[in-house]
Each structure stands twice: as structure tokens, then as C-alpha cells.
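Visitor: Quick one: the structure is below, questions incoming.
Coordinate-derived values only; no laboratory data. Remember, it's a predicted structure, so these values are computed and weren't measured experimentally. Virtual Cβ from ideal backbone geometry, glycine too; neighbours counted across all protein chains shown.
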């Protein structure tokens, strides 16, 4: 039980998840993600403006993710795959 408790704490409060733009699930659930992502966007824009030759393309997408699914319905999965293939 102790191991599970420690894992859940780590996952929710420390682990930055790629599917939600590298914020923790706790930050996402608590509504803190929007401010954090705006701050990151400004930081990246400033860094790119200071030294544009370091950047070969656009900066990372820091816009908040609207929906997150653990087990999405087939329609959502098909839509996501279609979007992923076009970019």
C-alpha cells in the first residue's frame, strides 16, 4: 500500500505528462495548467526572439489540451489519428 500511495503521489504531483503539455495531472486537475502554459509560451517566444538562429522551426505548442481521454471512443481515436497524420 505504501508503494502504491507513493506512486500515485508521484504520478499526480510530480510527473509531467506529455499528453497534457508537460504539466502534472494535479496541475491540470487544479486548473493551474493554463497559466503555466502561457508562461512557457512567453519564455519560448522570448528565447526565439533573442536568438532566432537557434530555432529551425516553430516553437513547441503550449496551448492547453481541451480533452484528455483514458479510453477514448472509436470516433475520437479515428479523428485523432487523422489529425496526427496530417501534421
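Visitor: For the structure I just gave you, tell me whether residue 69 is surrounded by 13 or more Cβ atoms within 10 Å (Cβ to Cβ), within 14 Å of the chain's Cα centre (by Cα) and either free of Cβ contacts under 8 Å to residues at least 12 places away in the same chain or assigned to a loop (DSSP other than H, G, I, E, B) (or both). Full working, then the answer.
Guide: Details: surrounded by 13 or more Cβ atoms within 10 Å (Cβ to Cβ): no; within 14 Å of the chain's Cα centre (by Cα): yes; either free of Cβ contacts under 8 Å to residues at least 12 places away in the same chain or assigned to a loop (DSSP other than H, G, I, E, B) (or both): yes.
It is false that residue 69 is surrounded by 13 or more Cβ atoms within 10 Å (Cβ to Cβ), within 14 Å of the chain's Cα centre (by Cα) and either free of Cβ contacts under 8 Å to residues at least 12 places away in the same chain or assigned to a loop (DSSP other than H, G, I, E, B) (or both).
Visitor: Name the residues in the stretch 39-59 that are in a loop (DSSP other than H, G, I, E, B) and surrounded by 12 or more Cβ atoms within 10 Å (Cβ to Cβ), would you?
Guide: 55, 59
Visitor: Can you name the residue in the stretch 1-23 that is out of contact with any strand residue (DSSP E or B) (no Cβ under 7 Å at 6 or more places or on another chain) and in a loop (DSSP other than H, G, I, E, B) and is also nearest to residue 66 (Cα to Cα) among such residues?
Guide: 21
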